[in-house]
Amino acid sequence: MKLSTRGRYGLKSMFQLSLYYGNGPIALKQIADEQNLSENYLEQLFSTLKKEGLINSVRGAQGGYMLSKEPKEITVGQILRVLEGNMAPSDCVMGDEHECSREDRCVTKQVWVRIKDSIDEVIDSITLQDMIDDENKLNGKE
């Protein structure tokens, strides 16, 4: 399974916002520059992230974006599901709307379920604060 540009860019930009948490809004241009991302593309992502309540925006000359909650309260899973949708590796494990007539006899479904459960466990256990802590360790700041 491979994440799309939406998921990858969205997680990078949310991480960048988490680095500035508590310092007021940060301009979209600054986020784009610091993460080497397209500003226009980030505008689209931030619209979705704002609508889903993960970020807030402030208008004006000193405006920009900021996290709506503390970094320790936002998980990688929340971000990826907002931008990518369900993280299931196969349609048959996405929920009730994708029922399969062979479900009760399908061995491969059990594999997909285990993969989905593993992915969910990992992405739901990592917060933006964990990413900040990892960044500090990598850069010798801890």
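Brief remarks on what is shown
- For the stretch 44-88, the set of trypsin sites (Lys or Arg not before Pro) satisfying both a DSSP loop assignment and a count of at most 13 other C-beta atoms within 10 Å is given as R59.
- For a straight C-alpha distance cut-off of 24 angstrom, the lysines reachable from K109 (same-chain residues fewer than eight places away being disregarded) are K2.
- Counted over all Cα-Cα pairs of the stretch 1-141, pairs farther apart than 26 Å make up 32 percent.
- Restricting the calculation to alpha carbons of the stretch 1-65 gives Rg and Dmax of 11.3, 41 angstrom.
Read-outs throughout are calculated quantities, based only on the coordinates presented, and are distinct from any laboratory measurement. All values derive from a computational prediction rather than experimental measurement. Cβ coordinates were reconstructed from backbone atoms using ideal geometry, including for glycine residues, and neighbour counts include every protein chain displayed.
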